[in-house]
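Contents: one structure, followed by commentary.
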Amino acid sequence: MRAKNASTAALVGIWMILLTAFVVTILYVGRQLLIPLALAAMLTFLLAPLVGRIERWIGRIAAVLIVVAMLFSVVGGAGWLLARQLIDLAAKLPDYQTNIDNKLHAIRLPTGGALGRLSHGVSELQKQLPDSLEPPANAAGSGPETKATTAARSLNVPAGQQPMPVRIVESQNRLPQILQNAATGLLGPLGTAALVSLLVIFMLLKREDLRGRMIRLVGQGRISATTRALDDAGSRVARYLTMQLLVNVSFGLCVAIGLYFIGVPNAALWGAFAALLRFVPYVGVWIAAAVPMLLSFAVSTSWLSPVLTLGLFIVLEVINANALEPWLYGSSTGVSSIALIIAAVFWTWLWGPIGLVLAIPLTVCLAVMGRHVPKLQFLSVLLSEEQALAPHEECYHRLLAFGLDEAHDLAEAHVKANSLTSLYDSVLIPTITLAEMDAQRDELDAEQHSAIHHHIQDLIEDLGSAPPSKSQLAADKAVAEHTPFPLSPPTCRVLSVPARAHRDELAGAMLVQLLRQQDFDAENASALLSSGELVEMAAKSDPEAICVSVVAPSTLIHARYLSAKLRAQLPRVKIVVGIWGATENMAGAGERLRSSGADEVVVSLAEAVVQLAKFSVSIADEMIPGPIPDNEEDRLQELARLHLPDGTREEVFDRITKKLARIFEVPIALITFIDRDHQWFKSQVGLPEEIAEAQQTSRELSVCGHVIGNDELLVVEDLARDRRFANNPLLKERGLRFYAGAPLRSNNLPIGSLCILDVKPRRLSEREKRLLEVIAEDVMEELSRRDSIGAPSVLVA
């Protein structure tokens, strides 16, 4: 089978080479006709919109004739002005002869230097050669050898008295020959111009018919695609030519102004010359710069003028090439830079200077047709500026051809430009799929297959060790947009299980890494475990959510089977099935998976992170009250002895809570005491009015009850993300998100807490935690002092 495919590919390659050679031959042989045809097509394209506007008023024929007459009038007027400028320049050239001679004398080699001595030595050697063309000194001024000079030398007549040879030339009238040569030089361009004019007129008159024939010829029934291709090509060429006209006119204007101030004669002529020649890619601007430089060399008495002229062209071209053209053109051509250079060389070889002018429009049209017409797609691959290989194809190619190092460079560049999530979703997972497809077709042996998996595993581990970069993709931004709170610290424990094979385990490793970067407690199961072992592992690890990882060619059958077994064993766990990279028939697949026990179906790692972040809030449907300590009765007796939960406020404690709120910059600060059924507020700052008036809440709803139950400092950075408090109505209704409380101990028994609350999540440093415990100790010292003197502090009504 492989031998047959190879022979077929070789045969197709031979036919493509022969067809290309045939097309190139036709283009080269028929260039005398094709050049006017291409020029006429470009002019028709540029003039068609103007003709369309005018013909609404005076009809098509009159509009075409008027537009063509206007075109040639403009061209003729510009030519007449340029001719006048050239005649004026020719009249002034003799006046510059002195400056030219002086500069030529100035650039002669010095006789004393090394180069001068070398030149003198070469001249002496030439004189000594036997076949030297220079006559001997005594023969200076002698003419050619004749019979008379031979006879005179035989008679020993002195050289100075020898007869001078005389040549008789018959006079001829050369005027007819001169006229014939001039006519021959003019008739060629005039004939081409006449042919172009005729073609332009008839193309403008029959432009709809020509367009329809082009659609039928190229599209072969694909009318919509071919129409889009023609419109795309037209818009790109129009934008390119419009922007190029604007840039070139600006360039010519700047050249004319610069040359005028430099002092070069006929500056307007050279500005127009530069604007015109800049339509010729790559070399036109330097051809335009050559003549003003030579002229400045002739006119100026110093070297400053030629240097300024050269600098003017260099500065303007650098600004245009690096600033104006990228900004104005953008992606208007859609052709790669190397393709433009090769096209310029090709069309110049075929058609000469006209081919160089037409190279970019022709190449743009070919690239656009290849983008929209399937049979011409090879043109888009060869010419367009689009990336030759998709990122995942490039990664797969590098892994196969070069190994881990090249693929690692690609991955790092992608992460820097986008994000780690984007790399996993759009590069590495599709790379795994490509490798699996090739392995199934026996195009990838077992050793290569295993190496690809090892390389990707190494990439995941290496990229995971680097600090996460700030996301620049909408997929990553969706995590923050669709999650009602920050992602740290979540309370959802996640287990990723592979649906079938090692490829699913690799995708699960990517997901686990992303979740851990968001502070999830996540674990990835091995693909070596059977489905029963995976279910047993899930039961032992007791996760709140499980993600079933599926990478093609693993199928939905494996995911449905595993989801059903997990649901039967763990009825309350949240199950997410990730069909990574799937795009087709997801509605039907989602329904079948949900019927098998899955709660959600996702197609990307970014979407999975979002969904699991949502689950982390809804995992705990019921609020978890604080535990009852073992020494509950002793604690209650100590609280009763102090007579604290009596509803009276004391100024000393109010000062402490106000100071606490200022130090930690929080809206709420409390001193609370917990009895058997209630939480009492001895002092408070910032509580809602209805709670402050009641001076108490239920113990079951209090966060301070957990401080009492565990008898230690409690910091909850996000109450909405903690399963103990996520559904606490007292906290949810008032939007409270942060809590930190230190126990108040009397005789080593926890009787209350000193706590602060905020409406936004936040973190406490170790220093701040210690400060809160120190203030709690100060509160208990105040209570001990008051108890020792037997009198309360100043009461507040």
Only unsatisfied item for GLY735, checking (1) part of a loop (DSSP other than H, G, I, E, B); (2) of a type outside the set (A, V, I, L, M, F, W, C); (3) at negative phi, is (3)
Of the residues in the range 539-558, those that are in a helix (DSSP H, G or I) and more than 17 Å from VAL494 (Cα to Cα) come to LEU556, ILE557, HIS558
Scanning the range 647-658 for residues that are among the basic types (Lys, Arg) and in contact (Cβ under 8 Å) with a residue 12 or more places away in the chain, the one farthest from TYR739 (Cα to Cα) turns out to be ARG649
Restricted to the range 502-538 and to residues being open to solvent by 60 Å² or more (accessible area, probe 1.4 Å) and part of a helix (DSSP H, G or I), the residue nearest to ILE429 (Cα to Cα) is HIS502
Exception for LEU719 within (1) under 19 Å from PRO761 (Cα atoms); (2) touching a strand residue (DSSP E or B) at 6+ places or on another chain (Cβ under 8 Å); (3) surrounded by fewer than 22 Cβ atoms within 10 Å (Cβ to Cβ) falls at (3)
Just one listed residue, out of LEU423, LEU428, LEU444, is open to solvent by less than 30 Å² (accessible area, probe 1.4 Å), in contact with a helix residue (DSSP H, G or I) (Cβ under 7 Å, 6 or more places away or on another chain) and touching a residue at least 60 places away in the same chain (Cβ under 8 Å), and it is LEU428
Within the range 687-700, residues being surrounded by fewer than 17 Cβ atoms within 10 Å (Cβ to Cβ) and not in a strand (DSSP E or B) number 8
So, first residue touching a residue at least 12 places away in the same chain (Cβ under 8 Å) and open to solvent by less than 60 Å² (accessible area, probe 1.4 Å) in the range 393-419, second residue among the β-branched types (Val, Ile, Thr) and not in a helix (DSSP H, G or I), Cβ within less than 7 Å, six or more apart or across chains; the pairs are none
Of PHE681, PHE653, PHE725, PHE664, the only residue that is at pLDDT 90 or above and either touching a strand residue (DSSP E or B) at 6+ places or on another chain (Cβ under 8 Å) or over 22 Å from LEU783 (Cα atoms) (or both) is PHE664
ILE671 meets each of (1) touching a residue at least 40 places away in the same chain (Cβ under 8 Å); (2) farther than 21 Å from GLU633 by Cα; (3) in a loop (DSSP other than H, G, I, E, B) with one exception, condition (3)
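Here is a yes/no grid of residues against (1) modelled with pLDDT of 85 or more; (2) at negative phi; (3) aliphatic (A, V, I, L, M):
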position	(1), (2), (3)
SER235	no, yes, no
PHE251	yes, yes, no
CYS254	yes, yes, no
PHE261	yes, yes, no
PRO265	no, yes, no
PRO292	no, yes, no
LEU304	no, yes, yes
GLY311	yes, yes, no
ASN322	no, yes, no
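The values are calculated or read from the model by the stated rules, or taken from the named source; none is laboratory data. Note that the structure is a prediction, hence the values are computed from the model and not measured. Here Cβ is always computed from backbone atoms with ideal geometry, including for glycine, and neighbour counts include all displayed protein chains. Areas reflect the complete protein model, heavy atoms only, side chains present, ligands, DNA and RNA absent. Shrake-Rupley method; radii C 1.70, N 1.55, O 1.52, S 1.80 Å.
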